1. Within the group I256, I266, which residue is at pLDDT 95 or above, among the β-branched types (V, I, T) and within 19 Å of the chain's Cα centre (by Cα)?
2. May I ask you to list pairs of residues, at least six apart or on different chains, whose Cβ atoms are under 9 Å apart, with the first in the range 283-311 being in contact (Cβ under 8 Å) with a residue 40 or more places away in the chain and the second being in a loop (DSSP other than H, G, I, E, B) and of a type in the set (S, T, Y)?
3. Select from the range 66-83 the residues that are crowded, with 20+ Cβ neighbours inside 10 Å and either touching a strand residue (DSSP E or B) at 6+ places or on another chain (Cβ under 6 Å) or without any contact (Cβ under 8 Å) to a residue 12 or more places away in the chain (or both) and list them in ascending order.
4. Under the condition of being among the hydroxyl-bearing types (S, T, Y) and not in a helix (DSSP H, G or I), which residue from the range 30-46 is surrounded by the most Cβ atoms within 10 Å (Cβ to Cβ)?
5. Tally the residues that are touching a residue at least 24 places away in the same chain (Cβ under 8 Å) and among the small types (G, A, S), restricting the search to the range 236-267.
6. Hey, E229 hits all of (1) buried (at least 17 other Cβ atoms within 10 Å of the Cβ); (2) in contact (Cβ under 8 Å) with a residue 40 or more places away in the chain; (3) closer than 26 Å to P139 by Cα but one; which does it fall short on?
7. Would you call Y219 under 25 Å from V151 (Cβ atoms) and in contact with a strand residue (DSSP E or B) (Cβ under 7 Å, 6 or more places away or on another chain)?
Amino acid sequence: MQGPTLDVHTDFSGLGLTTNESPFIEQSRQRGELYIRQPYDLYTSANHRAWQQLYGRMIPQWERYANRHFLEGLATLCLPQDSVPHLEDVNRFLQPRTGFRAKAVSGYVPAFQFFDCLRNREFPTTITIRRGDHLEYLPEPDIFHDLAGHVPMHTDPHFAEALVRFGTCAHTAVEVAARIFDPEERAHALTSIIRALARMFWFTIEFGLMGTANELKVYGSGLLSSHGEIEHAVTSPDVQRFPFQLEWVINQSFEINRYQPLLFWIRSFDHLFELVGTLETWMKQGKLNHVAAGEPVVNERDLMSFLEPAK
Ligand SMILES: [Fe+2]
């Protein structure tokens, strides 16, 4: 999708699309534009070099630790190794496989809108890239995390169905909340449901492992885009790895700014699809209305996105 055109008098040339340093993104946000175009000419040689470095050092890690569906997806997408990909090119390979497409965004997408995009087989995709001298840790997503970490998984039909089911869950959450008459009780229940949904997403889509206790591979995008953590997740004795247990996961806090000490593994993407279905059933039964407090904190913007999803 093409966003609004740039003001012809604004010259962004040479300033790049670097995380937290991009005037193009800043101005898009100021104009309230969430869905934007990818102004490809604005990427600097430093931006392309950062992609090249990030991609190059992940290749041996992926070959060792990534699940085969990811590796197949990577081959399908034909991502360039030496320059930031064009979203249009990625979508040309992706869309015929599962209907999914990467959709450029200017920044944070409120929770309901994010899940609603998944339901429509659109993946909100950051277009900025981290600085070349800050390759290791980034608290927010960038195009490497989104395109190289997430999007190859979207070529797998079974994974794609599970992702769409997450989107359906968000709509179910709105329906469940609408049936609670008391506004305070409704906000409390919805906050709890969003927290459960976020925890489920975190321990599967972002940090999931797949296989058996004896042989685990990575399918979570947070791990697939992290040079250090992908190996740590699979091999470190400091990580606890358990078969996926939904009762546990929906009540489990997590911290985003450290290597994850606790991970869960699933058997297959059909298994994941079933688990998201069970989550939805529990939601309808009111079982998610009081999950354990703790991270992630559900902010006002995310809560409002569910309370007033049309806005
Ligand atoms: Fe992510």
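The values are calculated or read from the model by the stated rules, or taken from the named source; none is laboratory data. Just so you know, these numbers come straight off a predicted model, no measurement behind them. For neighbour counting, all protein chains shown are included, and Cβ atoms are generated from backbone atoms with ideal geometry for every residue, glycine included.
1. Of the residues listed, the single one that is at pLDDT 95 or above, among the β-branched types (V, I, T) and within 19 Å of the chain's Cα centre (by Cα) is I266.
2. Going by the 9 Å Cβ cut-off, the qualifying pairs are A292/S253; G294/S253; E295/S253; P296/S253; R301/Y108.
3. The answer is A66, N67.
4. Y43
5. 1
6. (2)
7. yes
The rows are residues; the columns are (1) in a helix (DSSP H, G or I); (2) within 16 Å of the ligand (Cβ to nearest atom); (3) not charged (D, E, K, R).
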site: A160; (1), (2), (3): yes, yes, yes
site: L163; (1), (2), (3): yes, yes, yes
site: T168; (1), (2), (3): yes, no, yes
site: T172; (1), (2), (3): yes, no, yes
site: E185; (1), (2), (3): yes, no, no
site: R195; (1), (2), (3): yes, no, no
site: W202; (1), (2), (3): yes, yes, yes
site: F242; (1), (2), (3): no, no, yes
site: Q252; (1), (2), (3): no, no, yes
